[in-house]
Amino acid sequence: LLLRRLPVASPCRYPPVYVNQLPLTEMGLTVPPGRTHRFYSGPAEFDFGAGLSHTPWAVEWDAPRPPALRWLGARAPDARAAVRVRVRNTGSRAARLTVLAFVRPLGGQLRGARQKLVAFGGVGELPPGGEAPLALEFAPTHLAAADAAGAAAGAEGAYELLIRADGEHELSSLFSVV
């Protein structure tokens, strides 16, 4: 039996009433209630990246907890941040885990997006009780959004970084791009 995470915002993500909330001919992602994990504002049947695992996990910041990041945005286009977490298999079976890093804008800087996947990574098979560090790297350019003309617009503003390992464990940290 092979268990994996849900890598797409599939139709099973939306509740049954979704088909009555939006005409099938409407292709806009941001038209309420929205489409995909980035824009959908309703209750999801299954969260993006959710799935089953052979074992339970514990995820924590790899000491020390990351400080509040502060980037200089366009003045530092090659800037990158590496966030480090420690993943521990707390179950009784060997297994693998994929960890997702999302950003959630604390203002409107992502043009209506609720969240955006900016990084992901995984640990190889860990035995019961095994643990491993994992670095997730992202850049301010990952936060850019298209303006009305289709050009990438700056991403200045305040954000929350969310680290999701499974449906039960989530870490968060605040940062800003100036």
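At a glance:
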{"quantity": "Mean separation of Cα contacts under 8 Å (6+ apart) over length of the range 81-151, as relative contact order %", "calculated": "43 percent"}
{"quantity": "Surface accessible to a 1.4 Å probe, Val123 within the full protein complex, Å²", "calculated": "10 Å²"}
{"quantity": "Candidate residues Asp147, Asp78, Asp166: accessible-area rank, largest first, probe 1.4 Å", "calculated": "Asp78, Asp147, Asp166"}
{"quantity": "Inter-label distance for Trp61 and Arg96, nm, one decimal - labels placed 7 Å from Cα along Cα-to-Cβ", "calculated": "3.0 nm"}
{"quantity": "Spin-label pair Leu29/Arg104, simplified geometry with 7 Å Cα→Cβ offset, distance in nm", "calculated": "1.9 nm"}
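The values are calculated or read from the model by the stated rules, or taken from the named source; none is laboratory data. Quantities reported herein were computed from a predicted structural model and do not represent experimental measurements. Glycine gets a Cβ as well: all are built from the backbone with ideal geometry, and neighbour counts include every protein chain shown. The area values use the complete protein model at the heavy-atom level, side chains included, leaving out ligands, DNA and RNA. Shrake-Rupley method; radii C 1.70, N 1.55, O 1.52, S 1.80 Å.
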